[in-house]
Amino acid sequence: MKKVMTIWTIALAVVLAIALNATAYAKNHQVKLLTSDDNGQNMIMSPGYLKIALGDSVTFIPADPSHNVESISIPEKAAKFVSPMGQKYSHTFNVNGVYLYKCTPHFVLGMWGVIQVGDAENIEQVNKDWSTLSTGVAMNKARVSAYLSQVK
Ligand SMILES: [Cu+2]
């Protein structure tokens with residue numbers, strides 16, 4: 001009986017150690033929401049394409065009060081997100097796949113971003129959605145297509 005307890009104690013310790021490690025290794029990334037960048041690009045997410053690991057978080061940092069982020073085409077099981085205007089906002093990505101998001105007021109100007117979490121299981125759907133959505137975008141469509149082409 002005592003031996004059985006010991007085995008369970010070890011098993012529990014191993015499970016806890018794995019869980020704690022997973023938390024310790026989750027990274028935080030930053031995306032800046034810029035009105036203009038150093039290359040003369042306007043209304044741009046920086047970086048526009050970002051690949052992260054499952055469980056990582058991203059902090060979106062608006063350069064001025066006019067920007068935010070809103071998820072548009074995301075994996076089926078993922079939670080939608082929309083950040084308050086002009087405020088720093090963090091989101092943890094707990095579902096693998098590709099996330100296409102926009103700045104709510106500036107999507108027409110091409111202010112979109114792509115985050116890939118692990119495997120790009122839903123890339124076909126995102127590409128399909130973008131081909132429809134892009135008809136409502138007046139500027140910098142090629143920028144968004146270039147982000148999507150980096151998904152692997
Ligand atoms: Cu914006």
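Details
- Solvent exposure of the chain amounts to 58 Å² per residue of accessible area, where only protein heavy atoms count and the probe is 1.4 Å.
- Among the GluC sites (Glu not before Pro) within the range 76-135, those in coil by DSSP and having at most 11 neighbouring Cβ atoms inside 10 Å are Glu76.
- The range 47-118 shape via C-alpha gyration tensor axes, a/c threshold 1.5: prolate
- Gain in span if fully extended, Glu121 to Lys141, counting 0.36 nm per residue against the direct Cα distance: 4.9 nm
- A Gaussian network model of the chain, with springs between Cα atoms under 10 Å, assigns the largest mean-square fluctuation among Ala63, Ala26, Ala138 to Ala138.
- Using a Förster distance of 35 Å, the FRET efficiency for Ser66-Val95 (Cβ separation, nearest 0.05): 0.75
- Size of electric dipole in the range 26-149: Cβ of Lys, Arg +1 and of Asp, Glu -1, about Cα centre, debye, nearest 20: 100 debye
- Among Gly136, Gly118, Gly55, residue whose mean-square fluctuation peaks in a GNM of the chain (springs only between Cα atoms under 10 Å): Gly136
- The label-point distance for Val82 and Asp38, in a model that sets each label 7 Å from Cα toward Cβ, rounds to 3.5 nm.
- Take every DSSP beta bridge whose two residues both sit in the chain; close to 65 percent of them are antiparallel.
- Listed by chain and number, the lysines placed with their C-alpha closer than 29 angstrom to that of Lys80 are Lys27, Lys32, Lys51, Lys88, Lys102, Lys128, Lys141, Lys152; residues fewer than eight positions away on the same chain are left out.
- Percent of Cα-Cα distances greater than 18 Å, calculated over the range 26-149: 46 percent
The values are calculated or read from the model by the stated rules, or taken from the named source; none is laboratory data. Quantities reported herein were computed from a predicted structural model and do not represent experimental measurements. Cβ: placed from backbone, ideal geometry, glycine included. Neighbour counts: every protein chain shown. Quick note on the areas: whole protein, heavy atoms, side chains included, nothing else; ligands and nucleic acids left out. Shrake-Rupley method; radii C 1.70, N 1.55, O 1.52, S 1.80 Å.
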